[in-house]
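In what follows, a single structure is set out as structure tokens and then discussed.
The values are calculated or read from the model by the stated rules, or taken from the named source; none is laboratory data. Given the structure is predicted, the values throughout are model-derived calculations rather than measurements. Positions of Cβ are backbone-derived with ideal geometry, glycine not excepted, and every protein chain shown enters the neighbour counts. Calculation scope for accessible area: heavy atoms of the full protein, side chains included, ligands and nucleic acids excluded. Shrake-Rupley method; radii C 1.70, N 1.55, O 1.52, S 1.80 Å.
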Amino acid sequence: MSKYKTGLVLSGGGTRGLAHAGAIKFLNEIGIDVDILACCSAGSIVGSLYAAGRNPDEILDFFKSVYFFNWKHFTFNKPGFVSSQLFTHYLDPIFGDSKIGDLKKEIRIIATDLISGEQKIFDKETKVVDAIIASSSIPGIATPYIVGDAMYSDGGVLNNFPADIILSECKNMIGIYVTPIQDVKMSDLNSIRAITTRAYDLLSHRTEIHKFAYCDWFITSKKLAQYGTFERKPSRLEEIFDIGYESAKKSFYDQEEDFTSLFLKT
């Protein structure tokens, strides 16, 4: 018998992760209570804020407050353009020394152990701030993050949609995936960067796609492919948030009877 009724999976995706918050706003409106979360990268930020009791609009405000590429954050002679430590400036005022086990909801946060090459699922004794930063340190952009004697990088390297880690723990599962493959034309693939980016995106998507079927309700939107990993303008962030909300709303009412039976009836 499953330990939890409803699980929620939140993928990585940079600032596109705000679509998670928009979707959660809709879940709140229709009365769906999530019991356990599985989160990666940007999903770990949204998921931890949600599990700490922040509402979706407060999560939107948090993303607006973060300026990733402030010149003060740049590093020299380090394996990354910006220091992963910069996130403590934004996260410490919210979480302090709180541990994962202190949050109001069960949550599983993953990162990539760069030494062992294995996925790390942080336990309840891990500081929330440490787990979030480890899970969100994009390789080549942010420096790896050290927790204890381990060196971590973005959880999305190995598992950008960690539905598998709570599959056996929950009766029903909702998944939100914010990094859909962008539609391209041959003329778009006209540089080394374009080809390399396309190849990486296809590889990542192929790794995750089979896990979509683990979800009883899967939420995504092709519109998110129009947005980058590091959006900064408040208007763009609000658009991403709204896409998440509208995508959740549309997909729910497309199968309202089934989803009501699965997620709202006791």
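Give region 131-156 a look and list any residue that's surrounded by fewer than 23 Cβ atoms within 10 Å (Cβ to Cβ) and outside any strand (DSSP E or B), or say none.
Within region 131-156, the subset surrounded by fewer than 23 Cβ atoms within 10 Å (Cβ to Cβ) is 138-141, 143-144, 146-151.
Answer for region 131-156, where residues must be surrounded by fewer than 23 Cβ atoms within 10 Å (Cβ to Cβ) and outside any strand (DSSP E or B): Ile138, Pro139, Gly140, Ile141, Thr143, Pro144, Gly148, Asp149.
Anything in region 97-110 that is of a type outside the set (A, V, I, L, M) and out of contact with any strand residue (DSSP E or B) (no Cβ under 9 Å at 6 or more places or on another chain)? List them, or say none. Outline the logic, then answer.
Initial filter on region 97-110 (of a type outside the set (A, V, I, L, M)): 97-99, 101-102, 104-106, 108.
Of everything in region 97-110, those that are of a type outside the set (A, V, I, L, M) and out of contact with any strand residue (DSSP E or B) (no Cβ under 9 Å at 6 or more places or on another chain) turn out to be Gly101, Asp102, Lys104.
Pick from Ala199, Ala225: which is in contact with a Pro (Cβ under 8 Å, 6 or more places away or on another chain) and in a helix (DSSP H, G or I)?
On the way: Ala199 fails: in contact with a Pro (Cβ under 8 Å, 6 or more places away or on another chain).
Result: Ala225 is the single residue among Ala199, Ala225 that is in contact with a Pro (Cβ under 8 Å, 6 or more places away or on another chain) and in a helix (DSSP H, G or I).
Hey, does region 166-186 have a residue that's hydroxyl-bearing (Ser, Thr, Tyr) and surrounded by 23 or more Cβ atoms within 10 Å (Cβ to Cβ)?
At the first step, the residues of region 166-186 found to be hydroxyl-bearing (Ser, Thr, Tyr) are 168, 177, 179.
Checking which are surrounded by 23 or more Cβ atoms within 10 Å (Cβ to Cβ) leaves us with 177, 179.
Within region 166-186, one or more residues are hydroxyl-bearing (Ser, Thr, Tyr) and surrounded by 23 or more Cβ atoms within 10 Å (Cβ to Cβ).
Does Ile195 satisfy the condition of being free of Cβ contacts under 8 Å to residues at least 40 places away in the same chain, open to solvent by 70 Å² or more (accessible area, probe 1.4 Å), of a type in the set (A, V, I, L, M, F, W, C) and in contact with a strand residue (DSSP E or B) (Cβ under 9 Å, 6 or more places away or on another chain)?
no
Between a first residue in region 44-55 that is closer than 15 Å to Leu27 by Cβ and polar (S, T, N, Q) and a second residue that is open to solvent by 10 Å² or more (accessible area, probe 1.4 Å) and at pLDDT 95 or above, which pairs have beta carbons less than 9 Å apart while being 6 or more apart in sequence or on different chains?
Asn55/Lys25; Asn55/Asn28
Take the residues in region 173-197 that are closer than 28 Å to Gly47 by Cα and over 18 Å from the mean Cα position of the chain (by Cα); name whichever of them is modelled with the highest pLDDT.
Ranking the qualifying residues of region 173-197, first place goes to Gln182.
Looking at Ile115, Ile121, Ile109, which one is open to solvent by 60 Å² or more (accessible area, probe 1.4 Å) and touching a residue at least 40 places away in the same chain (Cβ under 8 Å)? Step through it out loud before you land on a result.
Working: Ile115 fails: touching a residue at least 40 places away in the same chain (Cβ under 8 Å); Ile109 fails: open to solvent by 60 Å² or more (accessible area, probe 1.4 Å).
Residue meeting the stated conditions: Ile121.
Which members of region 206-251 meet the condition of being under 20 Å from Gly156 (Cα atoms), in contact with a helix residue (DSSP H, G or I) (Cβ under 8 Å, 6 or more places away or on another chain) and of a type in the set (D, E, K, R)?
Lys211, Glu231
Kindly indicate the residue of region 198-220 that is β-branched (Val, Ile, Thr) and at pLDDT 90 or above and also surrounded by the fewest Cβ atoms within 10 Å (Cβ to Cβ) among those meeting that condition.
Within region 198-220, the first condition is being β-branched (Val, Ile, Thr), and the residues that meet it are 207, 209, 219-220.
Subsequent filtering for residues that are at pLDDT 90 or above retains 209, 219-220.
Values: Ile209: 12, Ile219: 25, Thr220: 22.
The residue in question is Ile209.
Within region 1-27, work out how many residues are open to solvent by 10 Å² or more (accessible area, probe 1.4 Å), over 25 Å from Tyr227 (Cα atoms) and touching a helix residue (DSSP H, G or I) at 6+ places or on another chain (Cβ under 9 Å).
Total satisfying the criteria: 1.
Please go through region 233-256 and pick out each residue that is farther than 12 Å from Leu60 by Cα, open to solvent by 70 Å² or more (accessible area, probe 1.4 Å) and in contact (Cβ under 8 Å) with a residue 60 or more places away in the chain.
Glu246, Lys249
Considering only region 28-113, give the helices (runs of 4 or more DSSP H) lying wholly within it that have at least 2 residues that are at pLDDT below 95 and at negative phi.
It comes to 56-65, 87-95.
Picking from Asn160, Asn190, which residue would you name as being assigned to a loop (DSSP other than H, G, I, E, B), out of contact with any Lys or Arg (no Cβ under 7 Å at 6 or more places or on another chain) and buried (at least 17 other Cβ atoms within 10 Å of the Cβ)? Walk me through it before giving the result.
On the way: Asn190 fails: buried (at least 17 other Cβ atoms within 10 Å of the Cβ).
The conditions single out Asn160.
Hey, can you tell me all the residues within region 198-232 that are in contact (Cβ under 8 Å) with a residue 60 or more places away in the chain and under 28 Å from Tyr67 (Cβ atoms)?
Ser221, Leu224, Tyr227, Gly228, Thr229, Phe230, Glu231, Arg232
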